[in-house]
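What follows is a set of notes on a single structure, which appears directly below.
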Amino acid sequence: MSTAALCVIALLVICISSWIYKWRNPKCHGTLPPGSMGLPLIGETLQLIIPSYSLDVSPFIKYRLQRYGQVFRTSVAGRPVVVSADPEFNHFILQQEGRLVESWYLDLFAKVFKQGENRPDGAYIHKYVRNLALNHFGAESLKTKLLSQLEELVNTTLKTWSCQDSIEVKRTAATMAIQSGAKQMFSYDPEKSSVDLTEKYINFSKGLLAFPLNIPGTAYHRCLQDHKKALDVMLEILKERRGLADDDHGDVLHHIIQDMKTENFLTDEFVVQLMFGLLYVSFDSLSTTLTMAFKLLAENPFVFDELTAEHEAILKRRANPDSPITWEEYKSMTFTLYVINETLRLGSVAPGLLRRAKKDIQVNGYTIPAGWAVMVVSSALQLNPNTFENPLAFNPWRWKDLKVNDISKHFMPFGGGMKQCAGAEYSRVLLSTFFHVLVTKYRWKKIDGGDVVRSPMLKFRKPLRIKISEKHI
Ligand code: HEM
């Protein structure tokens, strides 16, 4: 081999070694948390997505927490990440939105939702969207308007379910969540639409985490196509509604159309993306939570008996058992709330919440460099045996004795701080109403499916199928 060739090979080896060294030892003005950056480019992505078949914390996170302690560093999808299961630090980080940290989404998610633009008016827009959602899905709206509408929707839904030989809970619950959300948002009537919105959302959801290969036949391609089709439906509705001389729907879209006269950022494109996004955040988590609840109740019939007793007692206290649920009755559903909390505790859809450090952040003597992602692993805190004894057991009674401080720092299924879920109360009301109608009017049994898989998002290996029938037939 010639000297020149040897020199080129030597240079290549030096460059590659230096690149690997830099990858493994990223720059930091301080000491990085312990951990490994894995292989160049892919980091530890492959280890993270190895499936596990339990409700327990993903083995990727569990193993590293045991090895490195409550805060460790890693690299996922080419991004440096600090993972934290330190309750005090996590609580602190979630209060730092806009100051030390900002929200961070996976690249594809950001692309689809056009978050990557880093708009200077981002904080103003976030406040607008948050207020809009709280205005229409918050406690006041629930009390005065939505509770009765949700009960009506649940009654219709369960009646339809009971007419079928069996139902796939996740899919049918997704339809219910989308119909309910879309009704509040743009008075959507599925009977009048030629497009099946549930199908579009399910395909979109599958593609979000698929390999980004945009060729016909792939999940990613279908995801982008169905995203576009759903946006087209929403754009058509927006145009139609804006053309009305007197639009008095009183829904989210009505509110936005009024604001479009004064808010420059509310372009047609932004409005349809916003409606799509709001509906997306509501449908997947609600349908997964309801499926988890059916799974856990089927495995723990004594919990179901106590749930039934609570709702039958509500019927007995009523002058007319057929009258609609009142707000006071909803507020009295203590055990139901325990069941919902316990389901959310065990069934966190994602391992945690993602943020990006805007500045260097100090934690337990370590430094998280600016630009790194921070993952607050709420799932690990929710399964911490020091707070939740026998953490993998489905035990709603435990909520009776938990201390407020333990709950606020170890249980955050709806996030925390300024980005806390704007649909949390709406979700609790919808689920409570659902259980009320279910246990007082119907009986049900599991047929099959419902085993979970975490990779690391929570999914079901086979769809959970149940059979529902009316009680008094
Ligand atoms: C069981 C059901 C639900 C769960 C577990 C859930 C969970 C969450 C979580 C963890 C966050 C915070 C994300 C972060 O901090 O990065 C969030 C944010 C949000 N959720 Fe939910 N969610 C649920 C249902 C809903 C529903 C039904 C709606 C709509 C009505 C909704 C609307 C929102 C909105 C608008 C935000 C963003 C809030 C902000 O940035 O200010 N969610 N949700």
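Bear in mind these aren't lab numbers, they're just calculated from the coordinates by the rules spelled out. Everything numeric here is computed off the predicted structure, so don't read it as measured data. With ideal geometry, Cβ positions are generated from the backbone for all residues, glycine too; neighbour counts draw on all protein chains shown.
The DSSP beta bridges internal to region 1-98 are antiparallel in roughly 90% of cases. Counting only alpha carbon atoms, the long axis of helix 197-208 and the longest principal axis of the chain meet at about 20°.
Secondary structure note: in the chain, about 85% of the DSSP beta bridges are antiparallel. The trypsin sites (Lys or Arg not before Pro) of region 355-447 meeting both criteria, a DSSP state outside H, G, I, E and B (loop) and at most 16 other C-beta atoms within 10 angstrom of the site's C-beta, are K358, K359, K403. Taking 29 Å as the limit for the C-alpha separation, the pairs K159/K295; K143/K228; K295/K441; K295/K409 exceed it in the case of K143/K228.
How much length is gained if the chain between I50 and T160 is pulled fully straight, taking 0.36 nm per residue apart and subtracting their Cα-Cα distance, in nm to one decimal?
On the way: separation 110, 0.36 × 110 = 39.60 nm, distance 3.80 nm.
Contour length minus the Cα-Cα distance gives 35.8 nm.
Please give the residues of region 439-473, grouped as numeric ranges, whose backbone N is less than 18 Å from a label point set 7 Å along the Cα-to-Cβ vector of L315. Taking a point 7 Å out along Cα→Cβ of L315, the residues of region 439-473 whose backbone N falls under 18 Å are 439-445, 468-473.
Ordering 309-321, 339-351, 154-166 by mean Cβ neighbour count within 10 Å, with the highest value first, yields 339-351, 154-166, 309-321.
Please give the charge dipole size of region 199-334, origin at the Cα centre, charges +1 on K and R Cβ atoms and -1 on D and E Cβ atoms. Round to the nearest 20 debye. Let's see the in-between values first.
Details: 14 positive and 22 negative charges, 84 e Å.
Taking the Cα centre of region 199-334 as origin, the dipole is about 400 debye.
What does the charge add up to near S187, with Lys and Arg as +1, Asp and Glu as -1, over the other residues with Cβ less than 12 Å from its Cβ? It works out to a net charge of -2.
Note on S187/K459: beta-carbon distance plugged into 1/(1 + (r/R0)^6) with R0 of 45 Å gives a FRET efficiency of 0.90.
Beyond 28 Å in Cα-Cα separation lie the following of the pairs K419/K459; K229/K467; K127/K239; K316/K471: K229/K467.
Hey, quick one: spin label on H126, modelled 7 Å out along Cα-Cβ, who in region 397-429 has an amide N within reach, i.e. under 11 Å? Residues passing the 11 Å test: 417-420. Once the Cα-Cα distance is subtracted from the 0.36 nm per residue extended length, the M418 to K358 segment shows a gain of 20.0 nm. Enter the angle in degrees (range 0 to 90, nearest 10) between the Cα long axis of helix 424-441 and the first principal axis of the Cα atoms of the chain, meaning the one along which they spread out most. Between the helix axis and the principal axis of the chain, the angle is about 40 degrees.
Net charge in the neighbourhood of I178 (other residues with Cβ under 12 Å of its Cβ; Lys, Arg +1, Asp, Glu -1) is 0.
Electrostatic bookkeeping for L132 treats Lys and Arg as +1 and Asp and Glu as -1; over the other residues with beta carbon under 14 Å from its beta carbon, the sum is -2. For region 268-389, the relative contact order works out to 20 percent when only alpha carbon pairs closer than 8 Å and six or more residues apart are counted.
Distance between the modelled labels on H29 and K261, one decimal in nanometres: 5.0 nm (7 Å Cα→Cβ projection). The aspartates and glutamates within cross-link reach of K403, meaning a Cα-to-Cα straight distance under 16 Å and a gap of 8 or more places when in the same chain, are E88, E342, E389. Taking the Kirkwood radius as Rh and the Cα radius of gyration as Rg, region 365-449 has a ratio of Rg/Rh equal to 1.07.
Once both axes come from the Cα atoms, what is the angle between helix 301-317 and the longest principal axis of the chain, in degrees from 0 to 90, rounded to 10? So the helix axis and the longest Cα principal axis differ by about 40 degrees.
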